[in-house]
Amino acid sequence: MKSVVTTVIAAADAAGRFPSTSDLESVQGSIQRSAARLEAAEKLAANLDNVAKEAYDACIKKYSYLNNAGEANSTDTYKAKCARDIKHYMRLIQYCLVVGGTGPLDEWGISGQREVYRALGLPTAPYVEALSFARNRGCAPRDMSPQALSEYNTLLDYAINSLS
């Protein structure tokens with residue numbers, strides 16, 4: 001799995017060199033932010049079901065037409081799958097917080113997603129709305145410290161940009 005450490009080592013190795021001072025500073029910065037990332041991961045874990053449910057509800061409120069017959073959220077099965085997908089993205093963000101890199105999102109959430117959504121005829125805008133709601137709903141210090149919230153929001157932005 002990709003993390004800051006594995007990325008730095010792989011890049012230096014590919015260039016046929018040892019990691020540079022700036023490479024090591026980037027690893028050090030990641031380690032210094034690890035407490036904030038772990039705090040965010042812990043808070044997300046404690047509220048994962050609620051965060052995913054609120055995000056799902058927000059996207060369906062904005063895109064209510066998806067509940068119409070023949071649309072992407074028209075049956076109970078489709079609704080369950082949409083809610084599951086949002087929860088899956090939130091769990092991947094939690095994993096990214098733990099490893100300190102975007103590896104889980106890149107490998108399990110982003111790779112091939114556009115092709116899958118296109119093939120299934122699923123719009124990505126509702127997912128963007130759900131993740132945007134989760135990002136905008138977070139509040140420091142109510143939910144987590146400002147640094148933890150920043151780490152969390154950075155990963156939400158990364159996922160949002162991949163879907164846009």
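What follows draws every value from the coordinates through simple rules; no lab data is involved. In this text the structure is predicted, and so the values were computed from the model without any measurement. Backbone-built Cβ (ideal geometry, glycine too); neighbour counts: all protein chains shown.
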Checklist entry - Taking the Cα-to-Cβ direction at Ser150 and at Arg84 and moving 7 Å from each Cα, how far apart do the two end points lie in nm? => result 3.8 nm
Checklist entry - Which peptide among 2-15, 68-81 comes first, and what is the full order, when sorted by highest mean count of other Cβ atoms within 10 Å? => result 2-15, 68-81
Checklist entry - Dimensions of the chain along principal axes (Cα, Å, largest first)? => result 58, 38, 20
Checklist entry - How long is the gain from Ala12 to Ile31 if the chain were fully straight, where each residue apart is worth 0.36 nm and the alpha carbon distance is subtracted? => result 5.0 nm
Checklist entry - What whole number of Å gives the distance from the Cα centroid of the range 126-164 to the Cα centroid of the range 11-61? => result 12 Å
Checklist entry - Which distance in nm do the two modelled labels at Arg142 and Asp106 give, with both placed 7 Å along the Cα-to-Cβ direction? => result 3.5 nm
Item to check | Partner lysines for Lys61 [C-alpha distance under 24 Å; skip if fewer than 8 residues away on the same chain] | outcome: Lys53, Lys79, Lys81, Lys87
Checklist outcome for this item: So the compactness index of the range 100-150, its C-alpha Rg divided by 2.2 N^0.38 Å, takes the value 1.47
Item to check | Computed magnitude of the charge dipole of the range 34-163 (debye, nearest 20; Cβ of K, R +1, Cβ of D, E -1) | outcome: 220 debye
Checklist entry - Tell me, what is the percent relative contact order of the chain, built from C-alpha pairs under 8 Å that lie six or more residues apart? => result 30 percent
Checklist outcome for this item: Candidate span helices, the chain: DSSP H, at least 20 Å along axis from Cα coords, Kyte-Doolittle average at least -1.0, result 34-62, 76-99, 146-163
Checklist outcome for this item: From fewest to most C-beta neighbours within 10 Å, the residues Asp157, Asp143 line up as Asp157, Asp143
